[in-house]
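Undergrad: Can you keep this structure in mind? I'll have questions shortly.
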Amino acid sequence: MTDIQWLIGGEAGYGIMTIGVMMSKIFTRLGLSVFDYVEYPSLIRGGHNAYYVRGASEQIFSQKKSVDILVALNRETIDKHKQELSDGAAIIYDDQLIKVDPAEFALGTVLIPVPFAGIIKQINVDRLMINTVAVGASLGLIHDDFNVLEKIMQDVFSKKGEEVVIENINAAKSGFEYVQKNSFGKFKRIIEKNILQTQKNILIGGGESVALGAIQSGVNFSAIYPMTPVNGVMMTLIAQSLKYGIVAKEPEDEIAGINMAIGASFAGARSMVATSGGGFSLMVESVGLAAQTETPLVIVEGMRPGPATGMPTWTGQGDLRFVLHAGQDDFPRVVIAPGDMLEAFNMSMNAFNIADICQLPVILVVDKYLMEGHATVPFDKISSLAKNFVIKRGKIISDEDVALSTDYKRYSLVDDGISPRSIPGQKGGIALSGSDEHDERGLYNEEAEVRIKMMNKRFKKLESLELGFSPVDSYGLADASLTIVGFGSTKMPTLEAMNWLAKENISVNFLKINCLAPFPVDAVISAIGKSGKTLIIEGNKTGQLEGLIREYTGLTMSHNFRKYDGRPFYPEEIIARIKEVL
Amino acid sequence: MTELKDLEITYDKPNWCPGCGDFGVWVSLKNAIVSLQLNPWEVVLVSGIGCSSKLPYWVKTYGFNGLHGRPMPIAEGIRLANSGLTVIVIGGDGDQYGEGANHLLHAARRNINLTLIVHNNQIYGLTTGQFSPTTDIGEKNKATPVPTVEAPVNPMSYSLAAGATFVARGFAGDNKQETQLVMEGIKHKGFSIIDTMQPCVTFNHKNTFSWFYERVYKVEDNGHDTSDKAQAYLIAEEWPLKRALMDGEKEKIATGILYKEERPTWEDGTPQISSMPLVKQSFGNRDITPLLEELL
Ligand SMILES: Cc1ncc(C[n+]2csc(CCOP(=O)(O)OP(=O)(O)O)c2C)c(N)n1
Ligand code: SF4
């Protein structure tokens, strides 16, 4: 099995993000299963960026700790990452700029000097293209055909014109040829072409997955104020807005954003917002407004470490309790948490149906690790999810029906609590939606009896909730000696860890909770009620999910593994913890 | 044919204090809708929270009563989703110049095609009389035990500076003029603000109807040219004063249209809705295959 993790490190501002994705694309086109993860500080210039790209000939689910090829654009990269190098790892670096001593590294480490700056000078291109030379050099180390990268460059840069394409190809090719000539074969892990020819994979980012799900689901309005880690969602929607007829606006702040989205939804659009914890804090009062006026709304909340500005470009799962409880008093909401790219796409699509059918806010809670990472997904799988998805808009009254009604009531007390909704512009459907407690007409009303009826009506809607996917998913054998429990992006390193453990004949299973509100009590009890040992994994300090499970099921977990350092979980760490526990 | 009775609701009536200036704005707004022969089901009144913001409950059009300070972005969302609707925002001075002032700034510069009517009573009515962003300098009340030194917001200058393309002041004691201003505001293609002096008879014992009658004048009576922005600024700066009054000094309060210009609207700059309102366009039926193929 081929399993290579490549890492490029350097100062922020040197296009490391772009080049990281390009490496992922190379691996993808070579037929590998790919996962990438980037670490960077909240700076535009300076500071250390590190982009990890892992490619393997078997399906992988996450990054790993050990680095097989290190591309060092500066000395700092070597200092920071030399501990991560695997046996026989290669280091690509410019020996004219960086001094290294082979004695610094474990025996067997391969040094691959490439004169990046010299090549740049020789072919007379901008210094910023060093990373393009580096990606070419990287390919030159593991594969003997430049074609794959040439094709990628054409696809990626063709919009910028022929000149840009040629310049990039030249730079990459120079790096490629230099390594082919001087070092090919030194690094032992060569990738033959199309090892995994069996399936066509796309390489997709988490933010793109959410946005594409929304587009497939018919979203036609968004008002998103930029914030890491949901900028990918915002930028994808904006990029596609003209083609797909999406009004995608940048509001003055998140309060405006969510209110615009509520207004658009009230007027009949399918609308969404996306933000992180800080922006969501501003939105809170309006989440209740959507619930109280029974206006459908999808909110994407991308978690990152807080409080306040916290660590803007890092990851965590510390907003779970926040999204579950945000807003004054009780109101129904649906909170769902995808664990990988395909789930992000699928849950995003379904979130809009749920919001429309139940006329309430749906929160898709994600995190930086999922939003800014990329992974391969089988083309057929995502495409068939898209094709089989049916848009459901719930009880919007038809123009004909509403025209006939003589006394339309927007908040009529119907059995399932879901009142038929009129849309402004419909004759006969005139109504007011208000944030005050109201009667069936929508008129403010503070009578105790009306209050109770309306409160119950709103909650009643959850009884007809159909998620469109399972509220929990179980992985692994039912009779395993340990059950891992988690939500959201921890799915990826957990599945990876399980894969590795299977090779050691250690069997554990995994319960992933997809729906956090309403909490799937029965499903959770039946999945873990009888488990001997349980290990709950979550990215926060206080065990927010652990407490939630205890609250709803009375079950206590026997062990936990919590991280709140801004870094994702690594399969190695999960395995170590499992072994401790077993 | 829209008549006044079509705008009346039968199951409730306004509960403002008798004599409140809100009644005048309510009557004028209904008159304007009738005079312009708008279909009630194609009008949406969007309000925040406050005495004034209750108004949409008592007009039989579509309505959305949102949060304190936030009706503007709700209204913007409605307009972008359905640019075929007439959208009117109703708010108090607290709602629009305090909690929602930032939204007002941005709506004005975007020139979204809607009309804002501010019931400016220079006080927080619903929360029983605390001072507001437009309370006169030097005033003292139960929330300000010492005379306030906070200079009042000048809604006219603020809107002009923000780029509003229709800036007017009305008075709840002159329904005829107010009706006319609301009609002009609705007809204006772009963002219109009608800051309406609306005496709160219960909590504001200074800025009463008679106080205003002694001070208001109509800019058109002076032959004001509404396309003259520099002049509009000068008039706007006449009142409210950024200083305490001198002995015997009386304010001059301009009413009428101070400024008007044509400029592309936010909707004009949104090609997705140039041929048809968003919600009238065919929904769903999307094929994302090309987007997926780009990711291969
Ligand atoms: C976020 C928020 N803060 C405070 C309030 C309480 N509150 C309700 S109305 C109001 C002020 C009302 O003043 P104004 O907007 O001028 O309207 P008026 O009642 O004078 O017509 C306040 C502070 C609220 N409802 N929401
Ligand atoms: S408190 Fe003032 S603003 Fe409110 S209804 Fe009474 S008079 Fe009108």
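Undergrad: I want to confirm something. Restricting to the range B:29-55 and keeping residues that are within 16 Å of ligand 1 (Cβ to nearest atom) and away from chain A (no Cβ under 14 Å), which single residue is farthest from B:VAL87 (Cα to Cα)?
TA: Checking each candidate, the answer is B:SER52.
Undergrad: Can you pull out the residues in the range A:276-286 that are surrounded by 22 or more Cβ atoms within 10 Å (Cβ to Cβ) and not small (Gly, Ala, Ser)?
TA: A:PHE280, A:MET283
Undergrad: Looking only at the range A:319-334, how many residues end up being closer than 12 Å to A:GLU285 by Cβ and among the acidic types (Asp, Glu)?
TA: 1
A quick yes/no check of all residues on (1) in contact with an Asp or Glu (Cβ under 6 Å, 6 or more places away or on another chain); (2) surrounded by 14 or more Cβ atoms within 10 Å (Cβ to Cβ); (3) assigned by TED's automatic domain parsing to the domain that holds A:SER57:
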site	(1), (2), (3)
A:LYS381	no, yes, no
A:LEU404	no, no, no
A:ARG410	no, yes, no
A:VAL414	no, yes, no
A:ARG421	no, yes, no
A:GLY428	no, yes, no
A:TYR444	yes, yes, no
A:VAL450	yes, yes, no
A:LYS453	no, yes, no
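Undergrad: Considering only residues that are of a type in the set (Gly, Ala, Ser) and in a strand (DSSP E or B), look in the range B:45-77 and name the one that is farthest from ligand 2 (Cβ to nearest atom).
TA: B:GLY63
Undergrad: Would you say B:GLU99 is more than 9 Å from chain A (Cβ to nearest Cβ), touching a residue at least 40 places away in the same chain (Cβ under 8 Å), surrounded by fewer than 24 Cβ atoms within 10 Å (Cβ to Cβ) and closer than 23 Å to A:ALA290 by Cβ?
TA: Judged against the criteria, B:GLU99 is a match.
Rundown of residues vs (1) more than 16 Å from ligand 1 (Cβ to nearest atom); (2) more than 13 Å from B:GLN122 (Cβ to Cβ), yes/no style:
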site	(1), (2)
B:VAL149	yes, yes
B:ALA164	yes, yes
B:ALA172	no, no
B:GLN180	yes, yes
B:GLY185	yes, yes
B:ILE193	no, yes
B:THR208	no, no
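Undergrad: Another question, then. Show me the strands (runs of 3 or more DSSP E) found entirely inside the range A:65-139 where at least 1 residues are touching a residue at least 40 places away in the same chain (Cβ under 8 Å), more than 20 Å from A:ALA12 (Cβ to Cβ) and among the small types (Gly, Ala, Ser).
TA: Ranges flagged: A:85-93.
Residues checked against (1) touching a strand residue (DSSP E or B) at 6+ places or on another chain (Cβ under 6 Å); (2) surrounded by fewer than 23 Cβ atoms within 10 Å (Cβ to Cβ):
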| residue | (1), (2) |
| --- | --- |
| A:PHE469 | no, yes |
| A:ASP479 | no, yes |
| A:THR483 | yes, no |
| A:ALA497 | no, no |
| A:GLU504 | no, yes |
| A:VAL508 | yes, no |
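Undergrad: Residues in the range B:46-68: is at least one closer than 16 Å to A:GLY268 by Cα, within 14 Å of the chain's Cα centre (by Cα), at pLDDT 95 or above and open to solvent by less than 10 Å² (accessible area, probe 1.4 Å)?
TA: Yes, the range B:46-68 contains a residue that is closer than 16 Å to A:GLY268 by Cα, within 14 Å of the chain's Cα centre (by Cα), at pLDDT 95 or above and open to solvent by less than 10 Å² (accessible area, probe 1.4 Å).
Undergrad: Further, regarding this structure: Filter the range A:383-400 down to residues that are open to solvent by 60 Å² or more (accessible area, probe 1.4 Å), part of a helix (DSSP H, G or I) and touching a residue at least 12 places away in the same chain (Cβ under 8 Å), then give me how many there are.
TA: Summing the residues that are open to solvent by 60 Å² or more (accessible area, probe 1.4 Å), part of a helix (DSSP H, G or I) and touching a residue at least 12 places away in the same chain (Cβ under 8 Å) in the range A:383-400 gives 1.
Undergrad: Has the range A:59-69 got any residue that is closer than 20 Å to A:GLY140 by Cα, open to solvent by less than 10 Å² (accessible area, probe 1.4 Å) and among the charged types (D, E, K, R)?
TA: yes
Undergrad: OK, next. Output the residue which, of all residues in the range B:23-44 that are free of Cβ contacts under 8 Å to residues at least 40 places away in the same chain and not in a helix (DSSP H, G or I), is surrounded by the most Cβ atoms within 10 Å (Cβ to Cβ).
TA: B:ASN39
Undergrad: Next question, about the same structure. Inside the range A:425-542, counting only strands (runs of 3 or more DSSP E) that do not spill past its ends, which hold 2 or more residues that are away from chain B (no Cβ under 14 Å)?
TA: Counting at least 2 such residues, we get A:472-475, A:482-487, A:509-513, A:515-517, A:533-538.
Undergrad: Related question: Can you confirm whether the range A:328-337 contains a residue that is more than 22 Å from A:ALA223 (Cβ to Cβ), part of a loop (DSSP other than H, G, I, E, B), touching a residue at least 60 places away in the same chain (Cβ under 8 Å) and charged (D, E, K, R)?
TA: Yes - at least one qualifying residue is present in the range A:328-337.
Undergrad: Pairs please, first residue from the range B:276-296 and more than 7 Å from chain A (Cβ to nearest Cβ), second anywhere and surrounded by fewer than 13 Cβ atoms within 10 Å (Cβ to Cβ), Cβ atoms under 8 Å, 6+ apart in sequence or on different chains.
TA: none
Undergrad: Quick one: which of B:ASN222, B:ASN204 is away from chain A (no Cβ under 14 Å), within 16 Å of ligand 1 (Cβ to nearest atom) and out of contact with any helix residue (DSSP H, G or I) (no Cβ under 8 Å at 6 or more places or on another chain)?
TA: B:ASN204
Undergrad: Among the residues of the range A:185-205, are any part of a helix (DSSP H, G or I), open to solvent by 20 Å² or more (accessible area, probe 1.4 Å) and without any contact (Cβ under 8 Å) to a residue 60 or more places away in the chain?
TA: No, the range A:185-205 contains no residue that is part of a helix (DSSP H, G or I), open to solvent by 20 Å² or more (accessible area, probe 1.4 Å) and without any contact (Cβ under 8 Å) to a residue 60 or more places away in the chain.
Undergrad: Could you count how many residues in the range A:1-46 are assigned to a loop (DSSP other than H, G, I, E, B) and either touching a residue at least 60 places away in the same chain (Cβ under 8 Å) or open to solvent by less than 30 Å² (accessible area, probe 1.4 Å) (or both)?
TA: Number satisfying all stated conditions: 12.
The values are calculated or read from the model by the stated rules, or taken from the named source; none is laboratory data. Remember, predicted model here, so these are calculated numbers, not experimental data. Note: ideal-geometry Cβ built from the backbone for every residue, glycine included; neighbour counts use all protein chains shown. Side chains included, ligands, DNA and RNA excluded: accessible areas come from the protein's heavy atoms. Shrake-Rupley method; radii C 1.70, N 1.55, O 1.52, S 1.80 Å.
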